[in-house]
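Enquirer: My structure is below; once you've seen it, I'll send some questions.
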Amino acid sequence: MNIYKKRAAIRIGLVSLLLAILGSPLAWLISRENAEEEVVSFAIEESRRPLAFLNDTSKSDTDNARQAQNGANILTSGIFDIAEVYDAQGKKLAEQMTPTGSLVENQLPHHARPDYQDTHYENNAISLEGDKRTAIRVFVPLFDKQMKLSGYFEGVRVIPEWQMQQISADASIVALMVAIASLLCGMTIYPVVTYLAKENERKTLQIYESHISMMEALGRAIAKRDSDTGSHNYRVAWMSALMGEKRGLSGEHMQGLIIGSFLHDVGKIGIPDAILLKPGKHTPEEMQIMRTHVEHGEQIVKGAGWLPSVAAVVAAHHEKWDGQGYPRGLQGDAIPLEARIFAIVDVFDALCSKRPYKEPFSYEQAIAILREGAGSHFDPDLLAQFLDIASSVYNTISSMNEEQIRELLRETMTRHFVITA
């Protein structure tokens, strides 16, 4: 199992386990509450039948009280442990309780004279012969056929031990089913997630390859116009990436640094051949035109929709730390970090490379020139960091041809552009 799949499995497993841990107790509580409500509903429905006579105006108060007592007796012989019947004014007409009711009556909270319109109930924790039990207390307003209030019934049912065990067992089964369902859901989702991730990786690789192909095509085009082999672009992009890693760059900043370094001179496409390929020294007017390649390049990369840091490298790679560069004369930290990094590796590679108009400088000569530019041309802190790796970098690039350095750059880019599953 690769790293991505392990991460996906762990995350999905943790989420499934969390759902099971949270969902199971909740399901247990809901199931238990529903079971209690079923008991209450049944009790309420049964309580109305023997008490339908209340406030029968054709009967005397004595007869009503006697029938209320009979009703209370009936209710305590079946469902309730305590039964109390009141008339419409809240006066108690009858009361009856079982031996169990007598044991728990003093544990129940007292209440005022009944005066309510809606059926409701409450749970009371009680102790019965040393055991913790639950007593359900129902409050039922009674109405005659004309829906006029005729009285009240209040009953207490101490849930038997067997029924509590049954309710708990049923609730536990529901909780277990919820836990199993949560875990099974995670097991079902995992292959779907990994499949979608694999598809996403495939499409990402396609987009990555298309971007690299576009970048290399532009790089080759300008290299051909500038009478270069194109190796310079691969070398400076790779060296910039090493410096970016040393500075802790990642994500879009690292990606922009690499692409911007590779395409730094793309604007030379817009420079006339007579000026671009002139073997001798440029006149001031020609140099002014030559410098417009920065603006052309910035427009090209912005129009292509590259990352903002790509344009930062292209637009500012000729700026200098002391503000004497072009085209904007930026100074110090006003120059984007990516452009400051590139300025160092660009000059280093130019010094160490053979060009139509010069032989390569030795490593020592190149380093001496870079040191002279510290604080004027180059960011001194960045230059110090580059000098730490300069010898290793020089030994690597000096022993490689264009194809080898191209593969080295591609390996580096894969680390920063491609999310492998």
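The values are calculated or read from the model by the stated rules, or taken from the named source; none is laboratory data. Keep in mind the model is a prediction, meaning the values are calculated, not measured. We place every Cβ from the backbone using ideal geometry, glycine too, and count neighbours over all the protein chains shown. Protein only, heavy atoms only, side chains kept; ligands, DNA and RNA dropped before computing areas. Shrake-Rupley method; radii C 1.70, N 1.55, O 1.52, S 1.80 Å.
Enquirer: What is the sum of charges around His317, taking Lys and Arg as +1, Asp and Glu as -1, for the other residues whose C-beta is under 14 Å from the C-beta of His317?
Expert: Spelling it out: positives minus negatives among the neighbours equals -3.
Enquirer: Also: Step by step: find N for segment 273-421, compute 2.2 N^0.38 Å, then divide the Cα radius of gyration by it. What's the final number?
Expert: Computed over Cα atoms of segment 273-421, the ratio equals 1.14.
Enquirer: Shifting gears a bit: Which order do Glu286, Glu38, Glu122 take when ranked by solvent-accessible area (1.4 Å probe, heavy atoms of all protein chains), largest first?
Expert: Largest to smallest exposure gives the sequence Glu38, Glu122, Glu286.
Enquirer: In this model, which of Lys91/Lys145; Lys92/Lys132; Lys92/Lys145; Lys278/Lys302 are farther than 27 Å apart at the alpha-carbon?
Expert: In this structure, Lys92/Lys132; Lys278/Lys302 exceed 27 Å between Cα atoms.
Enquirer: Which lysines have a Cα lying under 26 Å from the Cα of Lys281, excluding residues fewer than 8 positions away in the same chain?
Expert: Here the lysines satisfying the reach criterion relative to Lys281 are Lys224, Lys268, Lys320, Lys354, Lys358.
Enquirer: Leaving out ligands and nucleic acids, note down the accessible area per residue over segment 220-310 with a 1.4 angstrom probe, in whole Å². Spell out each step's value before the answer.
Expert: On the way: 4190 Å² over 91 residues.
Solvent-accessible surface per residue comes out at 46 Å².
Enquirer: Checking the cross-link filter: which lysines have an alpha carbon closer than 16 Å to that of Lys148, excluding same-chain neighbours under 8 positions apart?
Expert: Straight-distance partners of Lys148: none at all.
Enquirer: Same structure again: Given the protein chains as shown and a 1.4 Å probe, how many square angstrom of Val310 are accessible, to the nearest 10?
Expert: Rounded to the nearest 10, the figure is 0 Å².
Enquirer: Across all directions of projection, what mean area in square nanometres is found for the Cα convex hull of segment 74-198?
Expert: Averaged projected hull area, Cα only: 13.0 nm².
Enquirer: Additional query: Within a Cβ distance under 11 Å of Ile259, other residues only, what is the Lys/Arg minus Asp/Glu net charge?
Expert: That sum, taken over residues with Cβ under 11 Å, equals -3.
Enquirer: If you don't mind, another one. Got a sec? What order do Leu93, Leu108 fall in by accessible area at 1.4 Å, biggest, i.e. largest, first?
Expert: Largest to smallest exposure gives the sequence Leu93, Leu108.
Enquirer: To the nearest 20 Debye, how big is the dipole of segment 355-421 about its Cα centre, given +1 on the beta carbon of each Lys and Arg and -1 on that of each Asp and Glu? Intermediate results must be reported in sequence, preceding the final value.
Expert: Numbers: 6 positive and 10 negative charges, 31 e Å.
Dipole magnitude for segment 355-421 comes out near 140 debye.
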